[in-house]
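Asks: First the structure, which I've put down as structure tokens, then a few questions once you've had a look.
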Amino acid sequence: MPKRRTMLFVPGNNPGMLISAPILGADCVIFDLEDAVAQNEKDAACILVGNALNNLNFGSVEAVVRINGLDTPFWRSDIAAIVSKNLSTVLVPKCDSPELVCELAAALAEEEDNKGLESGSISIMSIVESAIAVENCFQIAKSHPRMSGLLLGAEDLTADLCATRTLSGEEIAYARGRVVVAARAAGIDAIDTPFTNVDNHEGLRTDAALGKQMGFSGKALISPAHVRIVRAIFSPSSSEIDWATKIMAATEQAKIDGKGAFSVDGAMVDGPIIKRAQRILTVAEA
């Protein structure tokens, strides 16, 4: 299902953007209580986001909140304020170990119980944004049943690596690969890092296309202007749908004819090709 093609960050201290969030076109909105909010505005932002979750109609849009890190004094009050029936997922920053995921999961279970919500109804996504998190990403991905995705945070990661952040992104190629492999091995979503140059739409297209090619489920965004571009890239194109339809039709005919091997347009078709075609059609239908 392509519900996380686009995950749009929305500052938790901006009432106008909070109200508009469900109609900005993104599959998911991430209400941000961490980097987007100054220290002296943390409490107010927490209240605003809690009210938004309780009062807005999100429809099919997934509501996610990036809480403050578990190494700060804010995260417990974040959890108390945001846990509600409309909250789908908690995005945890600076998550370097499986133990931190389990600590957050225990706090969510307690708050779900306090508010009469179904146990385990809120999932966890972890931001991979340090060298140690890259090395631990599979253990993090498999750390708890609540885990539903890994999100690569390239800006903090490159700072931790003492690397230079570039438009082409060679410096994060290894981390991108590790996140995709870890997430796929764990059966959860892999979300690519945001493209931070808001006005460079051609650069965004190139970066998003690379992420899709590498196997990411979708991409995090920092601007509503990026939603349409990235959504189109992470959705099957008409040519991809035509190819997949042809593959599946040939597969059904091969079953009828009792053929174990067959070709389409001169190319041999095997299990991985059929699986890829099935996934394209499933995503296109959704």
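Asks: Just wondering, is there one or more residues in the range 66-88 that are β-branched (Val, Ile, Thr), surrounded by 17 or more Cβ atoms within 10 Å (Cβ to Cβ) and in a strand (DSSP E or B)?
Replies: No: zero hits.
Asks: Taking the range 40-65, which residues are surrounded by fewer than 16 Cβ atoms within 10 Å (Cβ to Cβ) and either among the small types (Gly, Ala, Ser) or over 23 Å from the mean Cα position of the chain (by Cα) (or both)?
Replies: Within the range 40-65, Asn40, Glu41, Asp43, Ala44, Ile47, Asn51, Asn55, Gly59, Ser60 meet the criteria.
Asks: Of all residues in the range 244-269, which are modelled with pLDDT under 80 and either β-branched (Val, Ile, Thr) or within 28 Å of Gly218 (Cβ to Cβ) (or both)?
Replies: Ala244
Asks: While we're here: For the range 135-176, how many residues meet the condition of being part of a helix (DSSP H, G or I) and in contact with a Leu (Cβ under 8 Å, 6 or more places away or on another chain)?
Replies: Of the residues in that region, 7 qualify.
Asks: Something else: Which condition from (1) in a helix (DSSP H, G or I); (2) within 17 Å of Arg4 (Cβ to Cβ) is the one that Glu240 breaks?
Replies: (2)
Asks: Continuing with this model, one more query. Checking Ser20 against (1) surrounded by fewer than 16 Cβ atoms within 10 Å (Cβ to Cβ); (2) hydroxyl-bearing (Ser, Thr, Tyr); (3) modelled with pLDDT of 95 or more, which test does it fail?
Replies: Going through the list (1) surrounded by fewer than 16 Cβ atoms within 10 Å (Cβ to Cβ); (2) hydroxyl-bearing (Ser, Thr, Tyr); (3) modelled with pLDDT of 95 or more, Ser20 breaks only (3).
Asks: Within the range 118-159, work out how many residues are among the hydrophobic types (A, V, I, L, M, F, W, C), more than 17 Å from Val65 (Cα to Cα) and touching a residue at least 24 places away in the same chain (Cβ under 8 Å).
Replies: 10
Asks: Ala109 fails exactly one of the following numbered conditions: (1) in contact with a helix residue (DSSP H, G or I) (Cβ under 8 Å, 6 or more places away or on another chain); (2) within 18 Å of Ile67 (Cα to Cα). What is the number of that condition?
Replies: Answer for Ala109: the failing condition is (1).
Asks: Additional query: Considering only residues that are in contact (Cβ under 8 Å) with a residue 40 or more places away in the chain and either touching a Pro at 6+ places or on another chain (Cβ under 9 Å) or aliphatic (A, V, I, L, M) (or both), look in the range 64-81 and name the one that is nearest to Val134 (Cα to Cα).
Replies: Arg66
The values are calculated or read from the model by the stated rules, or taken from the named source; none is laboratory data. Predicted model, so just to flag it, every value in this text is computed and none were measured. Cβ: placed from backbone, ideal geometry, glycine included. Neighbour counts: every protein chain shown.
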